Amino acid sequence: MKIFVSYARVDKPFCIRIIETLHAHEVWYDQRLYAGQDWWKEIRRRLAWCEVFVYLLSPESVASRNCRRELAIARQLKRDIIPVLIDSDTVLPETMRAWHYVDLSNALTAQNIARLLNAILMVERARNAPTAPASPEPRARQPAATSPAALISAAVRAMEEDDYETAVRMLRQAKDSGYQSRFVRVDELLRSAQAAMAKRRQSREVKREYQHIVALFNFESTRGIACEALAEFQKEFGEYDPQNLRRHCADQANSQPPGLRPPPAPAPSQPIASAPVAAASAPLPNAAPSLEASAESFSVNDFLPMLQWCDIPHGSVTINSIVGADEDFGEMTEQVDNFVMSKYPVTNAQFAIFAEAEDGYRNPRWWRFSEHARRWFADNRRAATPRFDGAKLPRENVNWYEAKAFANWLGAQLRMKVDLPTVAQWQRAAKGDDDRYFPWGDDYDEDCCNTVETGLKQTTPVDRYHKGISPYGVYDLSGNTWEWTLNTAAAAEEGRDRRRAVTGGSFVSSCDRAQTSARYYLEPRVRYSSIGIRLVALT
């Protein structure tokens, strides 16, 4: 049987567990692979393809506008509908209360699963009978999807949910259809939605630009540049300054160009604790004597070009099991302490310094973190060359051992604990507080990352995708290269090291593999031109 499973996003782990029991059938469920019109077109195509519509009932799915739309289309197409209760707290709307459903709300026991399989079997037998019975529930009248009244109602609901982009799109469709009413003024509704959308976008821009300026105030060497940037910022956005950064500029001579500026005012005794983005840390021993940041890059570390840090605040992240990846925990929520993450993936230029330094790659000290690493290093004393050449391209063709050794070496130089991220840290930096599908939001956008859809067929400079930054200013968390993490697979063959998780997708990955929850596991010794390095450090 061809089965379409409709579910709420928060129920995805439970949905996957149910799907695993239906391996004898062809099952499709919405993984939000694509967004916007193309995504909804795929939903409609799959609804036309399926024979059975399985509706997972929970408080969230019953309230979900998308789930209700999928149900309406399934009913219009006269698909057989099997309701499955997965949460006993679900309050069914009146139109659903007469339904007979399979109850899986207590547990996925063999007996309960047998009921679901039996329900599918009954549908299959009925469909194969000489005269197939009607759909198990009456077809409800639904307003036409393109009717102006339905569009306006949907637009108003979207505005109530702060989804102004959807509201604007629907109101434009209603207006283009020639809708006329003595009392409902579509133009006024459209202007209101557009104004709210513009206000929210400006608010995001203000906060994002302000975060960039906050980073400069954490370091004495960039204090003058920071004061100039703040002055220009406030010319455009008014007195917005929630952290009162102006107090650090009281004695700063902002009128002179950077080259003639007198020594900056002393830095405060402690960094600005709530700064969302922090730049690179302490100078290295024997590094170049000047740490003066350039006005173009704001880098404060001439030793390792483009090394900057973004502050990731304490918070929680919900992690889902990956089917087929030795994971069976379903879903878990993990608390993540505040840390800093490198603003960009490790670049070719950065890794080359490590590879060529006298005390770098060839020093056994950086490889002592495991016996497997020591054995690998004994046979591999030089780094491989990257497939793609360019100082600002992400360093690829490095395995997990090399990534760890690089982090150990850099941490010693900076006198701080530097490491690869855990999956929880990586997802916290990418998802923020709203559990988004991509670092920039829920909708895939080719202008935000380098995946196979862009057709570039190689890596791109790590600072290219300004629109694709995460809520905390981190670049390239989706696409370009997968990134090694500390997490391991559950088991390993005797004598072999455990596999390590990579996450984030790459230039050869489809966009669904670049979602914030996507990952898979690889042998730590393998090298690919699609896998690179991301760093974290404790604050």
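See the values below:
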{"read-out": "Complete set of residues in the range 350-406 that are among the hydroxyl-bearing types (Ser, Thr, Tyr) and within 16 Å of TRP482 (Cα to Cα)", "value": "TYR401"}
{"read-out": "Residue tally, condition in a loop (DSSP other than H, G, I, E, B) and in contact (Cβ under 8 Å) with a residue 40 or more places away in the chain, over the range 375-412", "value": "14"}
{"read-out": "Breaking point among (1) over 25 Å from PRO313 (Cα atoms); (2) crowded, with 19+ Cβ neighbours inside 10 Å, for GLN425", "value": "(1)"}
{"read-out": "Counted residues, the range 437-481 - those being in a strand (DSSP E or B) and crowded, with 24+ Cβ neighbours inside 10 Å", "value": "3"}
{"read-out": "Residue list for the range 344-359, filter: within 33 Å of the chain's Cα centre (by Cα) and farther than 14 Å from LEU420 by Cα", "value": "THR347, ASN348, ALA349, GLN350, PHE351, ALA352, ILE353, PHE354, ALA355"}
{"read-out": "Positions within the range 116-129 being within 37 Å of the chain's Cα centre (by Cα) and open to solvent by 40 Å² or more (accessible area, probe 1.4 Å), in sequence order", "value": "LEU117"}
{"read-out": "Qualifying strands (runs of 3 or more DSSP E) (wholly inside the range 482-530; at least 3 residues being open to solvent by 10 Å² or more (accessible area, probe 1.4 Å) and closer than 26 Å to SER470 by Cβ)", "value": "482-488, 519-522"}
{"read-out": "Enumeration of residues in the range 1-30 that are in a loop (DSSP other than H, G, I, E, B) and either under 22 Å from ARG75 (Cα atoms) or at pLDDT 80 or above (or both)", "value": "MET1, TYR7, ALA8, THR21, LEU22, HIS25, ASP30"}
{"read-out": "Qualifying positions in the range 353-363 - closer than 16 Å to ALA407 by Cβ and not polar (S, T, N, Q)", "value": "ILE353, PHE354, ALA355, ALA357, ASP359, GLY360, TYR361"}
{"read-out": "Condition broken by GLN180, with the remaining ones in (1) open to solvent by 60 Å² or more (accessible area, probe 1.4 Å); (2) at pLDDT 75 or above; (3) not hydrophobic (A, V, I, L, M, F, W, C) satisfied", "value": "(2)"}
{"read-out": "From the options TYR444, TYR437, TYR472, TYR465, residue that is more than 12 Å from the chain's Cα centre (by Cα) and hydroxyl-bearing (Ser, Thr, Tyr)", "value": "TYR465"}
{"read-out": "Residue among ALA48, ALA107 that alone is in a loop (DSSP other than H, G, I, E, B) and either under 26 Å from the mean Cα position of the chain (by Cα) or among the aliphatic types (A, V, I, L, M) (or both)", "value": "ALA107"}
{"read-out": "Conditions (1) loosely packed, with under 13 Cβ neighbours inside 10 Å; (2) part of a loop (DSSP other than H, G, I, E, B); (3) at pLDDT 65 or above; number of the one not met by VAL323", "value": "(3)"}
{"read-out": "Within the range 57-86, tally of residues that are closer than 17 Å to ILE16 by Cα, open to solvent by 50 Å² or more (accessible area, probe 1.4 Å) and not in a helix (DSSP H, G or I)", "value": "0"}
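The values are calculated or read from the model by the stated rules, or taken from the named source; none is laboratory data. Predicted model, so just to flag it, every value in this text is computed and none were measured. Glycine gets a Cβ as well: all are built from the backbone with ideal geometry, and neighbour counts include every protein chain shown. For the accessible areas, the whole protein counts, side chains as well, though only heavy atoms, and no ligand, DNA or RNA atoms are used. Shrake-Rupley method; radii C 1.70, N 1.55, O 1.52, S 1.80 Å.
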